[in-house]
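The values are calculated or read from the model by the stated rules, or taken from the named source; none is laboratory data. All figures in this text were calculated on a predicted structure; none of them were measured in a lab. Using ideal geometry, Cβ is built from the backbone for each residue, glycine included, and neighbour counts are taken over all protein chains shown. When the accessible area is computed, the model is the full protein with side chains, heavy atoms only, and any ligands, DNA or RNA have been set aside. Shrake-Rupley method; radii C 1.70, N 1.55, O 1.52, S 1.80 Å.
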Protein chains: 2
Amino acid sequence: MDAKKILAAYKRQGARVETKARIKMKGKKDFSLWYTPGVGVAAAHLAKHPEDARKMSIKKNSVAVVSDGSAVLGLGSVGPYGALPVMEGKALIFKEKGGVDAWPLVLDTHDPDEIVRIVKAIAPNFGGINLEDIAAPACFDIERRLIEMLDIPVMHDDQHGTAIVVLAGLINAAKIVKKSFKKLKVVINGAGAAGTAVAKLLLAAGVKDVTLLDRTGTIHAGRTDLNTHKKELVLLTNPRRIMGGLAEAMYGADAFVGVSGKGLLKEEQVACMAPRSIVFAMANPDPEILPDAARRAGALVIATGRSDYPNQINNALVFPGIFRGALDKGVARITESTKLRAARALAALVSKPTAAKFIPDLLDPRVAKAVARAVH
Amino acid sequence: MDAKKILAAYKRQGARVETKARIKMKGKKDFSLWYTPGVGVAAAHLAKHPEDARKMSIKKNSVAVVSDGSAVLGLGSVGPYGALPVMEGKALIFKEKGGVDAWPLVLDTHDPDEIVRIVKAIAPNFGGINLEDIAAPACFDIERRLIEMLDIPVMHDDQHGTAIVVLAGLINAAKIVKKSFKKLKVVINGAGAAGTAVAKLLLAAGVKDVTLLDRTGTIHAGRTDLNTHKKELVLLTNPRRIMGGLAEAMYGADAFVGVSGKGLLKEEQVACMAPRSIVFAMANPDPEILPDAARRAGALVIATGRSDYPNQINNALVFPGIFRGALDKGVARITESTKLRAARALAALVSKPTAAKFIPDLLDPRVAKAVARAVH
């Protein structure tokens, strides 16, 4: 469908999510109980016992999808209105896939301190906070501070949703190419929110050789232009101390994970990877390399982030289940172990991975349940 | 129903409002169009044309119900969790009565500057802002600043919702007691958010003699303890310069409007009103005087704010219609003329007002439509 038709469809549709009354207000008795005077009893009770909000209010099943619109898809910083359709799409999938009542909250500010203050202030309404499309490095600090501050789960989906689904994909891809998962040489193009989180989760899962690249090239100790977050990566990644660009990094690599931008990966770079290579070209909406080109250049296992190619590696496989599980079990933190369990659970849904299908489908009804079970 | 049973019902119920997907995500095509890559087209468009958010996003039909929990019902300052059930009840009625997608947003702060900053930051998601249960005098300043700042309607319901419904009630009550509406001597007990707005709207509607009381007594020029907002009232109200308490103010009054607290009006004070008197005892959940006692003392037209007495003067008659109309017509300001029109439209729904019924019922399906038509 071309852009014009898509836009027309959105204009026809209007909102993609609405509210629904869970009580029909039919008679005076309904108003007396669920409005005034009855609501006064609930208000007085929650003023004294705020912990019961999880039982007897919207907080029981609700998640805020919060973004400042600073890193939306491949579009960059598009502000609150540019971010709104994406957050609304997330809210739609939260409900359809996880039964979670998610509400979009784009913020008309990029100030990290203000974002933290706002999310803290609105937290009482929600059982969880899904941060979305907030640019690195601000996203790391915002997430860390909110996790420390709040007693509900806070997850920056671009980081951890992506990391979980990439890990799931790599676990199964390693089986297909018959290589040891932990011995994979992995190149991650993009050292922002997603790339950093993918690297850390792969390391936590036992992968030893992970190399990241930002726009300048590989992250290594010789770089003098690295911010605090990238300096931390120097200590954890690039064990062979590769200096240079994508050509140097891709030489002999087993897997490419693209969380960067359209067309950044060349066929010749895929061609010089190790035999039976893995290419996850996940830039949205346009991948780093098109699946056909990657295949031509010799890649054996190929995935993108899009719904219109096979093997979609997309956070939508993760966030509905993560928050479904956290809400059901009253879990306040999404820990490293939860992420590892969720990735393994996702991978296990494809019992015999092949190049044609190694990651579960977004339409697979088992996905959210399997991920939710991994949260505890 | 006693408090124990009410609380049990709320605990059984959990959330009273949820989200609903307006699109069924059945196939790959749905994900391609309504999620990635399709959503990228909508995002890029809204980044350039934010004004289209009203057509093609949740903003089209959504209202935030914002409260800092500083003046909830008769309970006072109960904080965000105490306020949550009330805001959720409003969201329920917004949907059931006005078809408006309202979301509760209680705020964990009482700082007016921060409340303004937060509402400004979250405004892109919403087509309107319903402020609720924010204490005077902070509520006046917060509302004024937000109205100036935002291009969507902002209404503090405790002020203007109450004022509109009281005006509607008094218009019809005057007919029943066969007095000229504009010549009514009106006593308003409570000079906070509701009392102030009621006074101003009655004056705008042509009533000449309005006297307000706060906890100290009547508002008059001799008082040295008045804040800026109450000083403004000195210039507008109490033309007979009544000094003293409720006993002094009620002597010879035609109508009492109570927006104060439980049991504050005595039978003997009703007894010394003018003949064929009007008593609106609207404190929630417990009125200033019970209807039976007011009748015994000689009141002819009696109303409360509760669902379990006849003639319920409640904002729920107003807010769903006001925002329904504003959203449908893209109205950015709820003006004084709109409020007057809305009150008259409400009053007109009872064609032959009697003491037994002079205000439309909350269950009357014509209410929200009539109020919505008045907004333009």
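At-a-glance table
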| item | result |
| --- | --- |
| Subset tally (residues that are part of a loop (DSSP other than H, G, I, E, B) and open to solvent by 10 Å² or more (accessible area, probe 1.4 Å)) for the range B:328-361 | 16 |
| Qualifying residue in the range B:105-112 (condition: within 8 Å of chain A (Cβ to nearest Cβ) and under 30 Å from A:Lys26 (Cα atoms)) | yes |
| Of all residues in the range B:70-99 being part of a loop (DSSP other than H, G, I, E, B) and within 8 Å of another protein chain (Cβ to nearest Cβ), the one that is farthest from A:Lys55 (Cα to Cα) | B:Gly74 |
| Selection within the range B:1-42 - at the interface with chain A (Cβ under 7 Å from one of its Cβ atoms), outside any helix (DSSP H, G or I) and under 24 Å from A:Ala21 (Cα atoms) | B:Met1, B:Gly14, B:Ala15, B:Arg16, B:Val17, B:Glu18, B:Thr19, B:Lys20, B:Ala21, B:Arg22, B:Ile23, B:Met25 |
| Enumeration of residues in the range B:1-16 that are within 16 Å of A:Lys29 (Cβ to Cβ) and among the charged types (D, E, K, R) | B:Asp2, B:Lys5, B:Arg12, B:Arg16 |
| So B:Ala138, is it more than 14 Å from chain A (Cβ to nearest Cβ) and either farther than 24 Å from A:Glu114 by Cβ or surrounded by 24 or more Cβ atoms within 10 Å (Cβ to Cβ) (or both) | no |
| Members of the range A:197-220 found to be hydroxyl-bearing (Ser, Thr, Tyr) and open to solvent by 10 Å² or more (accessible area, probe 1.4 Å), listed by number | A:Thr216 |
| Number of the exception - B:Thr109 against (1) among the β-branched types (Val, Ile, Thr); (2) open to solvent by 10 Å² or more (accessible area, probe 1.4 Å); (3) in a helix (DSSP H, G or I) | (3) |
| B:Ala294 vs. criteria more than 14 Å from chain A (Cβ to nearest Cβ), of a type in the set (A, V, I, L, M, F, W, C), over 24 Å from A:Gly38 (Cβ atoms) and open to solvent by less than 10 Å² (accessible area, probe 1.4 Å) | no |
| Hits in the range A:1-35 - residues which are modelled with pLDDT under 95, touching a Ser or Thr at 6+ places or on another chain (Cβ under 6 Å) and either farther than 26 Å from B:Leu317 by Cα or open to solvent by less than 10 Å² (accessible area, probe 1.4 Å) (or both) | A:Phe31 |
| Selection within the range B:169-187 - in a helix (DSSP H, G or I) and either more than 17 Å from B:Pro239 (Cβ to Cβ) or open to solvent by 40 Å² or more (accessible area, probe 1.4 Å) (or both) | B:Gly169, B:Leu170, B:Ile171, B:Asn172, B:Ala173, B:Ala174, B:Lys175, B:Ile176, B:Lys182, B:Lys183 |
| Evaluation of B:Ile115 against (1) buried (at least 24 other Cβ atoms within 10 Å of the Cβ); (2) facing another protein chain (nearest Cβ under 7 Å); (3) farther than 25 Å from B:Ala283 by Cα (one fails), failing number | (2) |
| Subset of the range A:229-281 (residues that are closer than 24 Å to A:His160 by Cα, part of a loop (DSSP other than H, G, I, E, B), in contact (Cβ under 8 Å) with a residue 40 or more places away in the chain and open to solvent by 30 Å² or more (accessible area, probe 1.4 Å)) | A:Val259, A:Ser260, A:Lys262, A:Leu264 |
| Selection within the range A:36-62 - open to solvent by 10 Å² or more (accessible area, probe 1.4 Å), free of Cβ contacts under 8 Å to residues at least 24 places away in the same chain, over 10 Å from B:Tyr81 (Cα atoms) and touching a helix residue (DSSP H, G or I) at 6+ places or on another chain (Cβ under 6 Å) | A:Val41, A:Lys55 |
| Residues within the range B:310-322 that are part of a helix (DSSP H, G or I) and within 13 Å of chain A (Cβ to nearest Cβ), tallied | 5 |
| Unique match (being more than 15 Å from the chain's Cα centre (by Cα) and at negative phi) among A:Gly99, A:Gly82, A:Gly89 | A:Gly82 |
| Single condition B:Ser307 does not satisfy, out of (1) open to solvent by 10 Å² or more (accessible area, probe 1.4 Å); (2) in contact (Cβ under 8 Å) with a residue 40 or more places away in the chain; (3) within 11 Å of chain A (Cβ to nearest Cβ) | (1) |
| Number of the exception - B:Arg223 against (1) in a loop (DSSP other than H, G, I, E, B); (2) basic (Lys, Arg); (3) loosely packed, with under 15 Cβ neighbours inside 10 Å | (3) |
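For (1) closer than 21 Å to B:Gly127 by Cα; (2) in contact (Cβ under 8 Å) with a residue 60 or more places away in the chain, each residue gets a yes or a no:
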| residue | (1), (2) |
| --- | --- |
| B:Ala64 | yes, yes |
| B:Gly74 | no, yes |
| B:Ser77 | no, no |
| B:Pro80 | no, no |
| B:Gly89 | yes, yes |
| B:Gly99 | yes, yes |
